[in-house]
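Notes for the one structure printed next.
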Amino acid sequence: MALVLPMVASADDESQRLVVWLKNGEKVHFDLAQLPETSFGGGVLTIKTNTTTVAYQLANVLRYTYENIKVVDEVEMLPNEHSVQVNAEGDAVTFRNLKDGIVVSLYDLKGQLLEQRRAEGLHPVVISVRNRPRGVYIVKSNDETIKLMRP
């Protein structure tokens, strides 16, 4: 369900953007200069920019990704920066360089807490849904919210 019309970018546009891939084949772009914020609740993905708010039923979302983002080598990262990496299958996420005590939580689409892990030292925090029932899961840590899928 869309509350307003999303932005569409041309194929030769090199701007950095968030891309929502819908199951019906539609590909929707949100320019990162518009500061898109994603949130999940009640089975809905909401993307809010400084000019637009759009909501999609999670059942209709295939995935969302970023385009034209320059990849930063971990060696170049500042010590206080953390990184988040979702594996190629989309069923596990790794948080690196989190401050001690930061909690990473796994929820189902009903909002039920399934798992929590606390960052300790320099150890990465890995959340996987490989051994869970098929479905969509939400991983949350401070200002990061990530959707994982177990097909």
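List of remarks:
- Estimated D of segment 78-142 in µm² per second, where Rh is the Kirkwood radius over Cα pairs and Stokes-Einstein applies at 10 °C, 1.306 mPa s: 129
- Contour minus Cα-Cα distance for residue 26 and residue 118 (0.36 nm per residue): 29.4 nm
- A simple spin-label model places pseudo-atoms 7 Å from Cα toward Cβ; at residue 84 and residue 142 they are separated by 1.1 nm.
- Neighbour net charge for residue 87 - beta-carbon separation under 14 angstrom, K R +1, D E -1: +3
- Local electrostatic count, residue 130, Cβ distance below 13 Å [Lys/Arg +1, Asp/Glu -1]: 0
- Gain on full extension, evaluated as 0.36 nm per residue between residue 99 and residue 50 minus their Cα-Cα distance, stands at 14.7 nm.
- Seen from residue 120, the other residues with C-beta closer than 11 Å to its C-beta sum to a net charge of +2, counting Lys and Arg as +1 and Asp and Glu as -1.
Values in this text are rule-based calculations from the coordinates and carry no lab data. This structure is a prediction, so every number in the text was calculated from the model and none was measured. For neighbour counting, all protein chains shown are included, and Cβ atoms are generated from backbone atoms with ideal geometry for every residue, glycine included.
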